[in-house]
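For reference, the structure discussed in these notes is given below.
The values are calculated or read from the model by the stated rules, or taken from the named source; none is laboratory data. Keep in mind it's a predicted model, so treat the numbers as computed, not measured. Counting neighbours? That spans all protein chains shown, and the Cβs are built from the backbone with ideal geometry, glycine included.
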Amino acid sequence: MAFVKQMTVAPYLPDRVEALGDNTGQYSDKDIGKAMKQNAAGYLEQCASGDEIYGFVTAVEPATEDGHSIGSVSCDVNKEAYAVDEVGGLTRGARVVAGTPTALGTATPDGGNVIAASAATAVHAWIVVETYGGAAGDRVLLRKV
């Protein structure tokens with residue numbers, strides 16, 4: 001049987017606390033696992049299809065700061081996250097971007113947020129380190145590089 005990588009937990013590299021959204025406090029625990037990007041104001045918002053991924057939401061607090069939701073985001077180098085291959089065919093080493101997003105307030109699907117391959121060089125690059133099937137809808141393990 002071949003070696004299959006699993007997510008590595010890094011207890012000495014905690015997730016970052018970030019302000020989420022457009023100061024309407026709309027994020028909830030249903031948004032855990034969603035792909036996030038930085039907006040022009042420096043806050044994080046949910047990625048649209050094809051956006052470069054800054055990180056993935058790992059927790060959302062019930063409190064707000066200046067109307068923004070507060071949450072933890074996994075975004076540092078060597079952090080890992082599970083996601084779902086949107087179109088199939090992702091291979092180890094492939095760079096990825098956000099796929100079709102799930103609406104805010106709607107639970108992230110089992111297996112994680114959807115992602116798609118990207119040929120572009122990204123500032124915040126996530127790569128595939130393991131595939132679990134290789135077809136559309138199959139789970140993959142990502143790592144930030």
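Remarks
- All positions within segment 62-93 that are at pLDDT 90 or above, over 23 Å from Leu13 (Cα atoms) and in contact with a Ser or Thr (Cβ under 8 Å, 6 or more places away or on another chain): Asp85, Glu86, Leu90, Thr91, Arg92
- From Val114, Val129, Val97, Val84, residue being surrounded by fewer than 18 Cβ atoms within 10 Å (Cβ to Cβ), aliphatic (A, V, I, L, M), part of a strand (DSSP E or B) and touching an Asp or Glu at 6+ places or on another chain (Cβ under 8 Å): Val129
- When segment 66-81 is filtered for residues that are part of a loop (DSSP other than H, G, I, E, B) and either touching a residue at least 60 places away in the same chain (Cβ under 8 Å) or buried (at least 21 other Cβ atoms within 10 Å of the Cβ) (or both), the ones remaining, listed by number, are Cys75, Asp76, Val77, Asn78, Lys79.
- Being farther than 24 Å from Ala117 by Cβ and of a type outside the set (D, E, K, R) holds for only one residue in Val77, Val73, Val87, Val60, and it is Val60.
- For segment 132-145, the set of residues classified as part of a loop (DSSP other than H, G, I, E, B) and under 23 Å from Glu45 (Cβ atoms) consists of Val145 only.
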